[in-house]
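Notes follow once the structure below has been shown.
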Amino acid sequence: MLCPTLAGAQLRTGAVAGSVLDSAGQRLNQTIVRLVGASSGVVPATSDDSGRYRLIGVRVGSVQLFARRIGFAPETLSVVVVEGGVQRADFVLKAVPVELEGTLIQADPTRGKMGPFNTRRARGVGAFVTRSEIEKRQASSVSELLRYIPGVGVMQRMAGEPQPIQMQRSVASSSQAKCAVSMYVDGQPYPNGNVDDFPPLSIEGIEVYKSASEIPADFRTRDSMCGLIAIWTRDPDAAKRKPNRR
């Protein structure tokens, strides 16, 4: 039999309830909320589809709560629990990149510098070379990488020839003796440039459009009738890291 003092102490509990939001005010489900350093056997809660959670049987007094969800920075809050009452504690979590099994995964691939690249790649028009493919090929130059793309002709560099790349479809349909392929770098025109001005280590992604009908509005001009190559460079710090050979 428990003594009255212990029995009374076991009854001195309350509850904590609240919601979990992101920094934009959207409600987050599947967030784990638990007590920090608690040994009272309180079962952690998981927020539901409306972002709400509830912890019961929490001892009275000051306690700390810890909230964690993949893709967001964890957050800790302090609350004072009153016997028989429900203390409210609302979390606001900030989205951050997370690393899973050594691979950096952005919370939203359509944002940031590579957002337009990823959006166009998802549409399935044109040919795309991603960073992982660049590392897999281990090519010594961009022109060597482009040899793997059907419909792209890589010529030997000749004196006075500023662009050693031709699109087979454009060459067949053009009446011009020479049809220059347009180039963009980081979303900006790169006139009279050469793809091999950039070593593969410095590149995050490449877009190739073999005809005017494929070129998206972001790049389309009167000078891009013979196809277009868009190169996206890497952030300098990322370029210094060792390639992922996995």
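The values are calculated or read from the model by the stated rules, or taken from the named source; none is laboratory data. Worth saying up front: this structure is predicted, and the values here are computed from it rather than measured. Note that we place each Cβ from the backbone using ideal geometry, even for glycine, and neighbour counts take in every protein chain shown.
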Notebook entry, point to check: (1) modelled with pLDDT of 90 or more; (2) surrounded by 12 or more Cβ atoms within 10 Å (Cβ to Cβ): which one isn't true of D186, the others all being true?
Noted result: (2)
Next item on the list: For segment 59-75, indicate whether the set of residues that are assigned to a loop (DSSP other than H, G, I, E, B) and either among the aromatic types (F, W, Y) or modelled with pLDDT of 90 or more (or both) is non-empty.
Entry: yes
Margin query: If R88 meets every condition in (1) in contact with a Gly (Cβ under 6 Å, 6 or more places away or on another chain); (2) loosely packed, with under 14 Cβ neighbours inside 10 Å; (3) at pLDDT below 85 apart from one, which number is that one?
Written below: (3)
Margin query: Please go through segment 183-233 and give me each residue that is without any contact (Cβ under 8 Å) to a residue 12 or more places away in the chain and in a loop (DSSP other than H, G, I, E, B), ordered by number.
Written below: P191, S213, A217, R220, R222
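How about segment 55-74: which of its residues are charged (D, E, K, R) and over 15 Å from R27 (Cα atoms)? Explain how you work it out, then say what you get.
Start the filter on segment 55-74 by keeping residues that are charged (D, E, K, R), which leaves 59, 68-69.
Answer for segment 55-74, where residues must be charged (D, E, K, R) and over 15 Å from R27 (Cα atoms): just R59.
Rundown of residues vs (1) crowded, with 18+ Cβ neighbours inside 10 Å; (2) at pLDDT below 90, yes/no style:
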site	(1), (2)
S202	no, no
Y209	yes, no
R220	no, yes
D223	no, yes
K242	no, yes
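Yes/no matrix, rows are residues, columns are (1) in the same structural domain as R234 (by TED's automatic domain parsing); (2) part of a helix (DSSP H, G or I); (3) modelled with pLDDT of 90 or more; (4) within 26 Å of L201 (Cβ to Cβ):
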position: V125; (1), (2), (3), (4): yes, no, yes, no
position: S143; (1), (2), (3), (4): yes, yes, no, yes
position: I149; (1), (2), (3), (4): yes, no, no, yes
position: Q156; (1), (2), (3), (4): yes, no, no, yes
position: V171; (1), (2), (3), (4): yes, yes, no, no
